[in-house]
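Visitor: Before I ask anything, here is the structure I am working with.
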Amino acid sequence: MEPELDSTKAAAGNRKHLAMLERLSKRTAASSAGSPEASPVAAFLSRFAAAKAAAETALSACRSSPDGAAASLAAASSAVDDLERLVAEASHSLPPYELRSALAAVSDLRAAHKLAASEIRPKKSFSFRNKSKATKNPPQDPPALPQPPQEQPKPNPDAILPGFGFRSRNGATLVRDLRAANEKDGDFTLADLVSCEVYLKGKCRALYIHKLRDCRVFIGPVFGSVLIEDVERCTFVMAAHQIRIHEARATDFYLRVRSRPIIEDCSGVRFAPHALKYEGIEDDLRDSGLAEDTGNWVNVDDFKWLRAVQSPNWCLVPEEERLPIVDISEVQEKEDCK
């Protein structure tokens, strides 16, 4: 019953965002004749509304067509990725209110996709456990086994984060050359890592980071978006079109980013310019549309600090404390992804 309520709320939120964006689109279109600067915003809102409708249609198909649920889920993921990429590409030219509204709508759709994935994903088979216990007391065990999945319909976040990646490691050095990976240019996930050093060479489409502690992370270009949640006492060096950071504490970010970095519910975070090097990184940056350093690493938006004065939640890393350029060309793979 709970998943249905969550999906209903998500759908209502999506409809509200769509209606708001449509109103903004009409308002901006009406004033575009007298204001040439408004036309790019109107064009974005029109494209965003169409892409958002496509994503919502794909999500609806996940539930309406059980036989093709897996394919519909993949199509929905791709549609949400496309929508997120559209926002990332236009974020540098959007007014703050339109940008925040678009990001909120994308976040709602991403949450709805995760919920759909948790509902559609087949439950783990208990056949092996049943077989092992059947010889001892067959009448008692089988009825009790199916209960836990129904009591916990939502899996842990790291179980539904997309892409391949590194998960649940402690004190490891994790190295991956994405240029040689089987899932080249796909999504990559880092989740539940403690005291690890992570080195990713090559580019990926999107990066998801969840629950890291005391880690050092060096990432090649991301030609889509980066979502970082629940990190503490870490250092990140990365380049991306869009970077959103939630619940980060005492963490440093060395960035090259096309749009303004966004933080929410963060404290003690610091920012500095990109400081990563490896053989071929210039080609990867160019292919990802990140060859030019926009300087946006210093233009941080704190969505939980709306006053005109500087947010107390972030600052710049003092020059004397900044990392030198880190060259990871010689770092070799030591761990497999899973």
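Visitor: Has the range 253-266 got any residue that is free of Cβ contacts under 8 Å to residues at least 24 places away in the same chain and in a loop (DSSP other than H, G, I, E, B)? Reasoning before the result, please.
Guide: We begin by selecting, within the range 253-266, every residue free of Cβ contacts under 8 Å to residues at least 24 places away in the same chain; these are none.
Within the range 253-266, none of the residues are free of Cβ contacts under 8 Å to residues at least 24 places away in the same chain and in a loop (DSSP other than H, G, I, E, B).
Visitor: Something else: Mind checking whether some residue in the range 278-300 is surrounded by 11 or more Cβ atoms within 10 Å (Cβ to Cβ), modelled with pLDDT under 90 and of a type in the set (Lys, Arg)?
Guide: Looking for residues that are surrounded by 11 or more Cβ atoms within 10 Å (Cβ to Cβ), modelled with pLDDT under 90 and of a type in the set (Lys, Arg), one finds none in the range 278-300, hence no.
Visitor: Any residue that is among the small types (Gly, Ala, Ser), modelled with pLDDT under 95 and over 13 Å from the mean Cα position of the chain (by Cα) - is there at least one of those in the range 244-264?
Guide: Looking through the range 244-264, at least one residue is among the small types (Gly, Ala, Ser), modelled with pLDDT under 95 and over 13 Å from the mean Cα position of the chain (by Cα).
Visitor: Considering the range 46-73 alone, what residues qualify as being open to solvent by 60 Å² or more (accessible area, probe 1.4 Å) and within 19 Å of residue 114 (Cβ to Cβ)?
Guide: Selection gives 57, 60, 63, 64, 66, 70, 71.
Visitor: Please go through the range 200-229 and pick out each residue that is part of a loop (DSSP other than H, G, I, E, B) and without any contact (Cβ under 8 Å) to a residue 40 or more places away in the chain.
Guide: 214, 215, listed by residue number.
Visitor: All but one of (1) closer than 21 Å to residue 207 by Cα; (2) more than 24 Å from the chain's Cα centre (by Cα); (3) not β-branched (Val, Ile, Thr) hold for residue 320, so report the exception by its number.
Guide: (1)
Visitor: Hey, another quick one. I'm checking my understanding of the structure. Among residues of the range 230-243 that are in contact (Cβ under 8 Å) with a residue 60 or more places away in the chain and open to solvent by 10 Å² or more (accessible area, probe 1.4 Å), which one is nearest to the chain's Cα centre (by Cα)?
Guide: By that ranking, first place goes to 241.
Visitor: So, of the residues in the range 45-93 that are in contact with a helix residue (DSSP H, G or I) (Cβ under 7 Å, 6 or more places away or on another chain) and touching a residue at least 60 places away in the same chain (Cβ under 8 Å), which turns out to be farthest from residue 257 (Cα to Cα)?
Guide: 77
The values are calculated or read from the model by the stated rules, or taken from the named source; none is laboratory data. Note that the structure is a prediction, hence the values are computed from the model and not measured. Reconstructed Cβ throughout: ideal geometry from the backbone, glycine too, with neighbour counts over all protein chains shown. Accessible surface is based on the protein model in full, side chains and every heavy atom, while ligands, DNA and RNA are left aside. Shrake-Rupley method; radii C 1.70, N 1.55, O 1.52, S 1.80 Å.
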